[in-house]
Amino acid sequence: MYCSGHASPDIQQLPSPQALYESEENGWKDAANHSRRGPLYYSNLALKVTPTSPSLTSGSVLGHMIRLSIPASMGMVFNTLYNLTDIWFAGYLGDDALAGLSIAGSVFFLLLAIGLGIQTGASAMIAPEVGRGAMNDGTSQIKYWVNNVSGMAIGFSVVSLLLGALAARPLVVLLGAEPNIEPLAMEYLWVTLAGSIGFTLSFAAAGALMALGDTKSNRNALAIGFFANFALNPLFTFGLGLGVTGIALATVTIKLATAFYLLRVLAIRLNIRIRPAFDWPRWQALLKQVLPASFNTLTIVLGGFITVALIGQFGSDHVAGYTVGLRLEQLLLLPALGLNSAVMAIAGQNMGAGNYSRVNETYQKSLLIGLAMAILSIPVMYFLSPLMMGVFTDAEAIQRTGITYLRIDALAFYAYVVLFQSVALLQAMRKPMFPMYLGIARQLVIPAMINYVLIVLWDYPMVSMFYTIVIVVMVSAVIAHFYTRREISRLPQAAAVD
């Protein structure tokens, strides 16, 4: 097929990591020039991105952003609906199955965080190579990055399986699984961990395609996966009598098919045969992007656990109201998250091409598009929150908490957009450490300290936590914006036109 255990044949020709991976101070020069005169350069000179992947280094930045962000947002919608489908079918198995699936999903999100990190790392490393190719035929390096991203995806899936075998059950118990719930949660986890290679490879291929300016293929895969889930879930769960295992098996089957499809699209688009490579210098560069991005995603989960634990002191109805309100807010934020994909691809390609003024333009226009999103979404959050909460529950206490959260957090909607686009731009510039540090501060340290003092020590009402979230997000957005502006201003052309 497209996978092989053999390493890339040019490993011995690679320079040191410092030479191979350019520094921003030197204008993102392609250190791969050190080996371009070797035979590998000539054998790969024909490697080009096909016309189906238009260059993002020319043409309307706004047009590119719209073209890329709409499919990306639609893909996230289908992914959300996919998860809701699993929950729906689990509900038919009973409350215990539903609880087991929910707890297993929280543990499995650790793997998804790694997958999202791989996707970010793939885009960060490949997009600049695409940009260089548009300027000086440098796209031959894309092949080696794709191979190593694929190899890393396989490596992380093996590590996830091994760590899951050791830590899955203790984590399930830690999250409160009762004796009748634990076996059901473990049923789901064993199957999904065994098939984790489908998840990591699909994330890797999606990141590579995003770097090429293709967000439609991943949208298509997620859409087809959503509809396939409707067929496979009842077949495996009820037809074959597999129960929770059937839900997990349907997901693994779909993810393996998704990985195969996306890798095939990627191979055809680049006219290559993908062979997973384990080239340590390139892995070092990838890990510098993957690990911070993964940990940044984990801080969101951990921060959510802390918030739920504190809200839980006021009763389960408040936890349910906050959780539903949060899901509704995330649904409204999906277009902004789709915009992230466009920002990373456009900024990354133009970083590689040295078009720093277009990097600056990408950031500015993403904020303007985000402002338009906020103008549309904030009234929805405020005025339609009673209607939206009513769709999910008739309980007055749950509705009241969810409505209160949505109306207060609407104040921070645009701040979330600024944060998302700032993080995406910095990741495209291969500067993922600041977003990680900021994530630790805004998701874990600061809210935990403030809310502990307000709720536990000073006995403030629960609503004070919602205002804390708004203030922390707003301050974080301001800090992220000015930091991003400073990094952009250090780019030669961007500074000249700023």
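Summary of values
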item: So Tyr460, is it part of a loop (DSSP other than H, G, I, E, B), open to solvent by 40 Å² or more (accessible area, probe 1.4 Å), without any contact (Cβ under 8 Å) to a residue 12 or more places away in the chain and not acidic (Asp, Glu); result: yes
item: Residues of the stretch 204-233 satisfying the condition of being in contact with a Ser or Thr (Cβ under 7 Å, 6 or more places away or on another chain) and polar (S, T, N, Q); result: Thr215, Asn229, Asn233
item: Scope the stretch 64-90; condition surrounded by fewer than 16 Cβ atoms within 10 Å (Cβ to Cβ) and either closer than 15 Å to Asn340 by Cα or in contact with an Asp or Glu (Cβ under 6 Å, 6 or more places away or on another chain) (or both); matching residues; result: Ile66
item: Lone unmet requirement of (1) of a type in the set (A, V, I, L, M, F, W, C); (2) assigned to a helix (DSSP H, G or I); (3) open to solvent by 40 Å² or more (accessible area, probe 1.4 Å) for Ala259; result: (3)
item: Residues of the stretch 377-387 that turn out to be of a type outside the set (Val, Ile, Thr) and open to solvent by 30 Å² or more (accessible area, probe 1.4 Å), as a count; result: 6
item: Enumeration of residues in the stretch 388-431 that are assigned to a helix (DSSP H, G or I), open to solvent by 10 Å² or more (accessible area, probe 1.4 Å) and either under 21 Å from Ser316 (Cβ atoms) or at pLDDT below 95 (or both); result: Met388, Gly390, Val391, Phe392, Glu396, Ala397, Ile398, Gln399, Arg400, Ile403, Thr404, Ile408
item: Residue among Leu332, Leu368, Leu339 that is at pLDDT 95 or above, buried (at least 18 other Cβ atoms within 10 Å of the Cβ) and of a type in the set (A, V, I, L, M, F, W, C); result: Leu339
item: Qualifying residue in the stretch 210-218 (condition: assigned to a helix (DSSP H, G or I) and open to solvent by 30 Å² or more (accessible area, probe 1.4 Å)); result: yes
item: Breaking point among (1) assigned to a helix (DSSP H, G or I); (2) at positive phi, for Gly176; result: (1)
item: Flag for Thr200 being open to solvent by 10 Å² or more (accessible area, probe 1.4 Å), assigned to a helix (DSSP H, G or I) and over 30 Å from Gly312 (Cα atoms); result: no
item: Check on Ser150, modelled with pLDDT of 95 or more and buried (at least 24 other Cβ atoms within 10 Å of the Cβ); result: yes
item: Test: residue in the stretch 433-441 that is in contact with a helix residue (DSSP H, G or I) (Cβ under 7 Å, 6 or more places away or on another chain), open to solvent by less than 10 Å² (accessible area, probe 1.4 Å) and aliphatic (A, V, I, L, M); result: no
item: Condition check for Ala285: in a loop (DSSP other than H, G, I, E, B), open to solvent by less than 20 Å² (accessible area, probe 1.4 Å) and either of a type in the set (A, V, I, L, M) or at pLDDT 95 or above (or both); result: no
item: Boolean, Thr362 is surrounded by 22 or more Cβ atoms within 10 Å (Cβ to Cβ) and among the β-branched types (Val, Ile, Thr); result: yes
item: For Val391: the one exception among (1) under 27 Å from the mean Cα position of the chain (by Cα); (2) free of Cβ contacts under 8 Å to residues at least 12 places away in the same chain; result: (1)
item: Residue identified as part of a helix (DSSP H, G or I), under 24 Å from Ala113 (Cα atoms) and either at pLDDT below 95 or open to solvent by 30 Å² or more (accessible area, probe 1.4 Å) (or both) among Phe295, Phe278; result: Phe295
item: Index of the failed condition, Ala168 passing every other in (1) open to solvent by 10 Å² or more (accessible area, probe 1.4 Å); (2) outside any loop (DSSP other than H, G, I, E, B); (3) more than 22 Å from Gln284 (Cβ to Cβ); result: (1)
item: Tally of residues being outside any helix (DSSP H, G or I), without any contact (Cβ under 8 Å) to a residue 60 or more places away in the chain and surrounded by 15 or more Cβ atoms within 10 Å (Cβ to Cβ) across the stretch 226-249; result: 1
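The values are calculated or read from the model by the stated rules, or taken from the named source; none is laboratory data. All figures in this text were calculated on a predicted structure; none of them were measured in a lab. So basically every Cβ, Gly included, is an ideal-geometry build from the backbone, and we count neighbours across all protein chains shown. These area figures cover heavy atoms from the full protein model, side chains too; ligands, DNA and RNA do not enter into them. Shrake-Rupley method; radii C 1.70, N 1.55, O 1.52, S 1.80 Å.
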